[in-house]
There are 2 protein chains.
Amino acid sequence: MNDTAQKTQVNEVITTEELLQHWQGHRNLTRRVIEAFPEDAFFNHRIGGMRTFAEMTLELLAIAGPGIQEIATGQNNEFKEDIEHGNSKAVLLQHWDETTEVLNKYWAEIPASRSHDPIKAFGQYEGTVISSILYFIDNEIHHRGQGYVYLRSLGVEPPAFWDRP
Amino acid sequence: MNDTAQKTQVNEVITTEELLQHWQGHRNLTRRVIEAFPEDAFFNHRIGGMRTFAEMTLELLAIAGPGIQEIATGQNNEFKEDIEHGNSKAVLLQHWDETTEVLNKYWAEIPASRSHDPIKAFGQYEGTVISSILYFIDNEIHHRGQGYVYLRSLGVEPPAFWDRP
């Protein structure tokens, strides 16, 4: 790396690699929140008419991999939350881990220079590459926070929010 | 702005100004979540032994302004959640709005080139400027998501997550 490139990098707020690592850290924590749920409560427990944490997890899976693949390839993906899970956490955890690899793969194909390009996520949500990615991450934090309340209401201690290896 | 500076800017994942706008958009939404609570429930309602949303709001106020001021000035602030509010949402909303101005003021004094500097937030939490700022934002999203469950459990419709003017 020459001096100019190095200076550019350290002057940036955050690099693409750091943002991926940040998200994968959050995804690791969300995975542990899924693991912390008793299996029946994961698929059945609700508060105030909200979705189960399984349903929220299906949304997160529908967004992350397909959303980043779409940004990388420029080919629209459908928004589909219909994984056949048979009320098994293990099935969704396997999808979770596969998504981890999908993100790593396609993220590498999205250069920082594309961050401000306008896109329509899933063919309908207007924004830029970076606004869409931040939406994906923020939406996961938002729903996982709800999962924490579900766990506490079940008497289960959630993993620590700050612990994201 | 000369050509080189402009190129650097569009090649960045996100600029400092955009990250501030992103956070202030989230803070605007959190403000509307506070407003959506019935006053007594804001200070009394709990699920699963968790804190009230008022107590979570005190944490967010203790972090945002003092945390960013500390990063800007390099002088450690104490972590203090002890605002005298007399069980009045209006008092905390006023602090919320004052914090909006504090963030705008001190944010302008933190150049992107400092993002990767190591710091100890509140004299104890080790990280970098950017990791600390992301923690502040993520922590707000996390607790606000919990506030959504509180509102739903009270039969109150929360503001839309995606609506952050």
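Every number here is computed from the coordinates shown, using simple stated rules; none is lab data. A quick note: this is a predicted structure, and the numbers were derived from the prediction, not measured. Cβ sites come from the backbone with ideal geometry, for glycine too, and all protein chains shown count toward neighbours.
Values for this structure:
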| quantity | calculated |
| --- | --- |
| Span from the region A:73-96 Cα centroid across to the region B:52-112 one, whole angstrom | 39 |
| Cα-projected label distance for A:S113 with B:K120, points at 7 Å along beta-carbon direction, nm | 4.3 |
| Contour minus Cα-Cα distance for A:N104 and A:E81 (0.36 nm per residue) | 6.2 nm |
| FRET E, pair B:T73, B:E39, Förster distance 41 Å, beta-carbon r, rounded to 0.05 | 0.70 |
| Label spacing, shortest first and in nm, from B:N28 to its equivalents in the remaining copies (7 angstrom along Cα→Cβ) | 3.5 |
| Inter-copy separations for B:P165, label at 7 Å along Cα-Cβ, nm, ascending | 4.6 |
| Chain B Cβ-axis minimum, rotational copy A, residue and distance in Å | B:G145, 1 |
| Taking chain B and dividing mean pair separation by its residue count, relative contact order in percent (alpha carbons under 8 Å, at least six apart) | 30 |
| Cα-derived Rg over Rh, computed across region B:1-152 with Rh taken as Kirkwood radius | 1.02 |
| Cβ-defined net charge surrounding B:S131, 13 Å radius [Lys, Arg +1; Asp, Glu -1] | -1 |
| Nearest-20 debye value, the protein assembly as shown charge dipole, Cβ charges on Lys, Arg, Asp, Glu | 320 |
| Orientation-averaged projected area, Cα convex hull of the protein assembly as shown (nm²) | 17.3 |
| Charge sum, other residues only, whose C-beta stays under 12 Å from B:P111's C-beta, Lys/Arg counted +1 and Asp/Glu -1 | -3 |
